[in-house]
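Have a look at the structure below, then the notes.
Coordinate-derived values only; no laboratory data. The model shown is predicted, which means the values in this text are computed figures rather than measured ones. No Cβ is skipped: glycine too gets one built from the backbone with ideal geometry, and neighbour counts run over all protein chains shown.
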Amino acid sequence: MKEKKKNNLKSICKYKKGDVEKNMDLILSLVESPKYICKKCARVSNNKKYLCHSLNMKPKT
Ligand SMILES: [Zn+2]
């Protein structure tokens, strides 16, 4: 029996309003000290996996 554990990894870019509310804890943890920005959606995250077109932001020095 093949059963792949599907990681419910979904880019926050794809989140709709309702999703945002449901996943607020996750989103809050992702947008804390963000390192990446999505070129398409202007969303930010500290984990590029959660962005559809992540772009590494230059660290502020
Ligand atoms: Zn995006």
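Under 5 Å between amide hydrogens, built in the peptide plane, is the criterion, and for LEU55 it picks out ILE37, CYS38, LYS39 among residues at least 5 positions away or on other chains.
Each Lys and Arg adds +1 at its Cβ and each Asp and Glu adds -1 at its Cβ; summed about the Cα centre, the stretch 12-56 shows a dipole of about 280 debye.
Kindly put LYS48, LYS10 in sequence by how many other C-beta atoms sit within 10 Å of each C-beta, fewest to most.
On the way: LYS48 16, LYS10 13.
If I rank by nearby Cβ atoms, fewest first, I get LYS10, LYS48.
Over all orientations, the stretch 12-56 has a Cα convex hull whose mean projected area works out to 2.7 square nanometres.
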